[in-house]
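Please treat every number below as a calculation from the coordinates, not as lab data. None of the values given here were measured: they were computed from a predicted structure. Cβ atoms come from the backbone with ideal geometry, glycine included; neighbour counts cover every protein chain shown.
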Amino acid sequence: MKGWVKALLPALSLLIASQALAEGGQSTIELSGTESTVKLAGELTQGSLIRGRAPADSQVWFNDKPLPVAPGGQFVFGIGRDAPLQHELTVQHSGGTDTFALQFSARSYDIQHVEGVAQRYVSPPPEVLARIRQDSVAVRQARTVQSELSYVFEQPVWPAYGRISGVYGSQRVFNGEPRNPHFGLDIAAPIGSPVYAPLSGVVTLAKDLYYSGLTLIVDHGYGVSSTLMHLDAFHVEVGDKVEQGQLVADMGATGRVTGPHLDWRINWQQERLDPALLMPEAAPPAHQP
């Protein structure tokens, strides 16, 4: 195992626990007690959502960014697809202030080069650019919500069942021009297949967008949200409270797609993260159990 955390000050014990990347699973940081030992297991990597717990009444900073801390000491942060590998976690508590150096591991991504693609498929037509800008503003606002919902600290469930048809971080280069990387996990199944809430939360967006079609965003708390894209129909609306596993939509093929599937995305504020790293299984069952 590589890329471990080094505790620079001894007032807290630091525990990082996660599954290996190939196995999936969550990354967590536990800060507690007054021991000087450092216990490590697992790997921190690009695209990770990190959930942690500090002693009660602590203040926590990720790099220089203050993190909201729940009454029970929980906090959350994440790093994106191409984020730097060195970061710092600072915890101010009753015994003083400790800073931990966090070393993440780099990931490699599937890059596909495609030549001879018609220009209309490379760039959107000028008449839709204004709509695309409006869509981007709406999505950004929905992901800016900073609630104190605690659902983010629970284990997600699969939002759909089917074949994994796309993975986080992959990218296509059309005619030598790099496209935006794919920031979600694609699950393919027939149109009308059920889509469930992976975690409980509150709906902050339910709208038809140019690229992602019928799109649902659910706030899970502390800046973390799920985005469910390319839907065929909504079963909830903005402001609704949804429970984990609740039917929230039907899978579809709306927006810019080549076939029916769900594109599931996880964000920490505007940071795009890999949903697969949160799941203990490598893929969902092909059919609903």
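Observations
- Here the simple spin-label model places points 7 Å from the Cα toward Cβ, and for S170 and A83 these points are separated by 2.4 nm.
- Length added when fully stretched, I191-H287, from 0.36 nm per residue minus Cα-Cα: 33.2 nm
- Global form of the range 230-289, assessed from the alpha-carbon gyration tensor, a/c cut-off 1.5: rounded
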